[in-house]
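K.L.:
Take a look at the following structure, please.
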Amino acid sequence: MITRFAPSPTGPLHLGHAFSAMMAHDMAKDAGGTFLLRIEDIDHSRARPEWEAQIEDDLHWLGLDWPRPVMRQSERIPAYRDALNRLSAMGLIYACTCNRRDIREAASAPQEGAIPTGPDGIVYPGTCKRAGNEPEGAAMRLHMDRALDRASPLWFEETGPDGGRQEITRQAMIEKVGDVVLARREMGTSYHLSVVVDDAAQGVTHVVRGLDLFEATPIHVLLQRLLDLPTPIYHHHRLIRDEHGKRLAKRDDARAIAAYRAEGHSPADLRARLGLTPAP
Ligand code: GLU
């Protein structure tokens, strides 16, 4: 078993991240497997080396360890480009020059009711699909219709709450996901593409992460199928909330692990508070 914790170094590690990391770690250790750390730093405008150092320090304090060198997504751009080129050679990619406002206007124009949204926000209304735009300076989108023609049926195994075999229907992919961006203009990749390429490159067998990413998983399964990569088993865990029931955010400094450390809490306290058993 190989699990991973894949933080984006855009803020301090908080209780929700610690829960995710410890759960992925414990699951691997209980099975005699390996726990990996991967730094998801493709967003240059937000990722900071200071956060990366602080995250590693907090994870060590929690008693977690992992093999080195750590995979960093900023060093993997050629691998993402290769994957995108493969999809492009299959005729599944088109260039899109729309900005957020264009998308909102085009999506609301024909509709009376609510604008359809999915894991990445508004479902793209397809404006650039037939335009034949130059890839220079454009975002790259997946031609969902064609992709599904090549990759159905789709499903994955979930072991989190309400787990079991998850069927992914064509209708849900068209209506709720649509032509997702696989390469953002300023990065040449996206979260979805990078995570799929890297989970496969690291041989991850079990993806442990928060339920907030459950809805993105069908996109990942589709990309795995198109790129001939194995689909891991997924475990989406409950989200850690504050006392008002609100999900913890990066800026929620009160729940930063650094704050608990400064207040004299121990890793065992945090495990108990999160309902986790002592470290294996
Ligand atoms: N980097 C993502 C985040 O920090 C997590 C990616 C994943 O676990 O698939 O939200």
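No lab work stands behind these numbers, since they all come straight from the coordinates. What you are looking at is a predicted structure, and each value in this text was computed from that prediction instead of being measured. All Cβ positions, even for glycine, are placed from backbone atoms using ideal geometry, and neighbour counts span all protein chains on display.
K.L.:
Given the options 88, 205, 259, identify the residue whose Cα lies farthest towards the positive end of the charge dipole of the chain (+1 on Cβ of Lys, Arg; -1 on Cβ of Asp, Glu).
P.N.:
88
K.L.:
Sort by residue number and report every cysteine in the chain with no other cysteine beta carbon within a distance under 4.7 Å.
P.N.:
Here 98 come out as lacking a disulfide-compatible partner, given the Cβ-Cβ threshold of under 4.7 Å.
K.L.:
Then there is this: Let me know the shape class of the stretch 2-83, please: from the alpha-carbon gyration tensor, a ≥ b ≥ c as square roots of the eigenvalues, rounded when a/c is under 1.5, otherwise prolate if a/b is greater than b/c, or oblate. Don't skip to the answer; put the middle values down first.
P.N.:
Working: a/c = 2.22, a/b = 1.29, b/c = 1.72.
Note, shape of the stretch 2-83 comes out oblate.
K.L.:
Same structure again: Can you give the charge dipole size of the chain about its Cα centre, rounded to the nearest 20 debye, using +1 on the beta carbon of Lys and Arg and -1 on the beta carbon of Asp and Glu? Could you put the intermediate results ahead of the total?
P.N.:
Working: 35 positive and 39 negative charges, 68 e Å.
With only Lys, Arg, Asp and Glu charged at Cβ, the dipole is about 320 debye.
K.L.:
Give the aspartates and glutamates reachable from residue 29 as a straight Cα distance under 15 Å; neighbours fewer than 8 places away on the same chain don't count.
P.N.:
65
K.L.:
Going by a ≥ b ≥ c, the root eigenvalues of the Cα gyration tensor, does the stretch 84-167 fall in the rounded group (a/c under 1.5), the prolate group (a/b larger than b/c) or the oblate group? It would help to have the intermediate numbers written out before the result.
P.N.:
On the way: a/c = 2.37, a/b = 1.28, b/c = 1.85.
Since a/c reaches 1.5 but b/c is at least a/b, the shape of the stretch 84-167 is classed as oblate.
K.L.:
Treating only the Cβ atoms of Lys and Arg (+1) and Asp and Glu (-1) as charged, compute the dipole magnitude of the stretch 141-217 about its Cα centre; round to the nearest 20 debye. Walk me through the numbers on the way to the answer.
P.N.:
Working: 9 positive and 13 negative charges, 58 e Å.
With only Lys, Arg, Asp and Glu charged at Cβ, the dipole is about 280 debye.
K.L.:
Say the dipole of the chain comes from +1 at the beta carbon of Lys and Arg and -1 at that of Asp and Glu; which of 34, 169, 22 then lies farthest toward its positive end?
P.N.:
Going by the Cα projections, it comes out as 169.
K.L.:
Using helices alone, I'd like the mean residue ellipticity at 222 nm for the chain: each DSSP H run of four-plus residues gives -39500 (n - 2.57), total over residue count, nearest 500.
P.N.:
Calculated from helices alone, the mean residue ellipticity at 222 nm is -10000 deg cm²/dmol.
K.L.:
So, one more: Please list 182-188, 72-78 highest first by mean number of surrounding beta-carbon atoms within 10 Å per residue. Working shown, then result.
P.N.:
On the way: 182-188: 18.7, 72-78: 15.0.
Most protected by this proxy first, the peptides run 182-188, 72-78.
K.L.:
Here's a follow-up. Rounded, prolate or oblate: which one fits the stretch 125-211, using the alpha carbon gyration tensor with axes a ≥ b ≥ c (rounded when a/c is under 1.5, else prolate when a/b beats b/c, else oblate)?
P.N.:
Working: a/c = 2.48, a/b = 1.46, b/c = 1.69.
It is oblate, given that a/c is not under 1.5 and a/b is not larger than b/c.
K.L.:
In debye, nearest 20, what is the charge dipole magnitude of the stretch 127-268 about its Cα centre with +1 on Lys and Arg Cβ and -1 on Asp and Glu Cβ, if you could check?
P.N.:
200 debye
K.L.:
OK, next. Among the complete DSSP H segments of the chain, which ones combine at least 27 Å of alpha-carbon extent along their axis with a mean Kyte-Doolittle hydropathy of 1.6 or more? Provide the component values of the computation, followed by the final result.
P.N.:
Numbers: long enough: none.
Going by DSSP H runs, there are no hits.
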